[in-house]
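Structure first, commentary second.
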Amino acid sequence: MMDVLDIFASAGLWAAVLRIATPLIFGTLGALISERAGVLNLGIEGIMTFGAMIGWMTVYHGGDLWLGLAVAALSGAVFGLLHAALTVPLGLSQHVTGLGITLFASSLSYFIFRLAVPVSGSPPTIVPFQVIKIPVLSDLPFLGEAVFSQTAPTYLAIALALVIAYALARTPLGLAVRIVGENPHAAEAQGINPIRVRIGAVVFGSALMAMGGAFLTLAAFNSFFPTMVQGRGWVCIALVVFASWRPERALGGALLFALFDAYQLRLQHVVGKAIPYQLFLMIPYIMSILALLVMARRARVPQALMQPFRRGER
């Protein structure tokens, strides 16, 4: 029993929590911004996969790691623009369009990867982002290893969560996004263009999603394989509901899921083969579903979410 609880006292566990949470933070923030403007983006799984592939491909062919992250963001923005063009001015089904983008982006990722990298025994690798130890802070007992010894994208993800939380709550642009997601006709009456705001939110949100995928190949791992996103996009969709469409809660939700995931990996070593490993893999998803059930009852959905905006209609 003590061994099971001692895992929580390990700085390595909490360092892993931040690493595992990073792609979820990027993806959840991207989905949250899009939904706060009234557009559901179910293309996140495919966008993250394509971001992982194109970011890795950029570095593999000689680009800088930050360039790889930027190219991934740009590719995500392109897919976001496609999704927005079909769902915002044309008013097509956001569910169908999002799922179509997931299938298209995932298949395109595999196609491009196989064109550029022939099938071989093991995929080629790159040199990923290295851990940055913050002077003085990284030398602190426990906290130094757990929090202040991470890669640059992890620090960026946490900073973005705080900046976006402030922007949505305190800035005119954030107010515009929120009012468009609640009542686009009222926003238009105030001189705001709901179509532009929605398109901008989807494009920016999709760029963040792709950066979450790129983290997997540029920092967490050093190679790409088509199934590496492993459902993280769908987890991000659930985390948005868990967070009640608030960025600060989204950060907490991503960390909570990552804690379940990091804990089950270490629990397998403690318990050994006494319990089938598949049961351990279920733990983060079961716990997340339970947490979602509790939080979803109090979640306040943006009133205009998934409702097409057409001028002159009420």
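Build a GNM of the chain with springs between Cα atoms under 10 Å apart, and of Ala77, Ala11, Ala157 the one that fluctuates most is Ala11. Comparing Ala201, Ala159, Ala262 in a Gaussian network model of the chain where C-alpha atoms under 10 Å apart are linked, the largest mean-square fluctuation is found at Ala159. With all protein chains in place and ligands, DNA and RNA left out, the 1.4 Å accessible area ranks Tyr166, Tyr285 as Tyr166, Tyr285, largest first.
Taking every DSSP helix (H) stretch of at least 4 residues in the chain, weighting each as -39,500 (n - 2.57) and dividing the sum by the residue count yields a mean residue ellipticity at 222 nm of -22500 deg cm²/dmol.
Placing Val202, Val197, Val270 in order of accessible area, with the largest value first and a 1.4 Å probe, yields Val270, Val197, Val202.
Quick check for you: with a 1.4 Å probe and neighbouring chains kept, what is the accessible area per residue of the chain, in Å²?
Details: 14790 Å² over 314 residues.
On a per-residue basis, 47 Å².
The charge dipole of region 97-242, taken about the Cα centre with unit charges on the Cβ atoms of Lys, Arg (+1) and Asp, Glu (-1), comes to about 220 debye, rounded to the nearest 20.
Each residue of region 188-193 was assigned a 3J(HN,Hα) from its phi angle through the Karplus curve 6.51 cos²θ - 1.76 cosθ + 1.60 (θ = phi - 60°); the sequence is 5, 5, 8, x, 8, 8 Hz, with glycine and proline shown as x.
The residues Leu65, Leu13, sorted by heavy-atom accessible surface at 1.4 Å with ligands and nucleic acids left out, run Leu65, Leu13 from largest to smallest. Among Gln150, Gln268, Gln190, the residue with the largest mean-square fluctuation in a Gaussian network model of the chain, with springs joining Cα atoms closer than 10 Å, is Gln190. Evaluated on region 121-262, the Kirkwood hydrodynamic radius is 17.6 Å, with distances taken between all distinct Cα atoms. A Cβ-based charge dipole, computed about the Cα centre of region 162-272 with Lys and Arg at +1 and Asp and Glu at -1, lands at about 80 debye. Note that the chain carries a Kirkwood radius of 20.2 Å, evaluated over its alpha carbons pair by pair. Using the Karplus relation 6.51 cos²θ - 1.76 cosθ + 1.60 with θ = phi - 60°, the per-residue 3J(HN,Hα) values for region 93-103 come to 4, 5, 5, 5, 4, x, 5, x, 5, 4, 5 Hz, with x marking Gly and Pro. When the P(r) of region 134-211 is calculated, the portion above 18 Å amounts to 56% of the C-alpha pairs.
Size estimate for region 173-233 follows the Kirkwood approach: the inverse of mean 1/r over distinct Cα pairs works out to 13.7 Å. Only protein atoms count toward the accessible area here, which uses a 1.4 Å probe; on the chain, the carbon and sulfur part of that area reaches 69 percent.
Measuring only protein heavy atoms, the 1.4 Å probe finds Thr125 accessible over about 80 Å².
As a ratio to 2.2 N^0.38 Å, the alpha-carbon radius of gyration for region 203-314 is 1.33.
The values are calculated or read from the model by the stated rules, or taken from the named source; none is laboratory data. The shown structure was predicted, so the numbers you read here are calculated from the model rather than taken from an experiment. Glycine also receives a Cβ, built like all others from the backbone with ideal geometry; neighbour counts cover every protein chain displayed. Heads up: the accessible areas ignore ligands, DNA and RNA and are worked out on the full protein's heavy atoms, side chains in. Shrake-Rupley method; radii C 1.70, N 1.55, O 1.52, S 1.80 Å.
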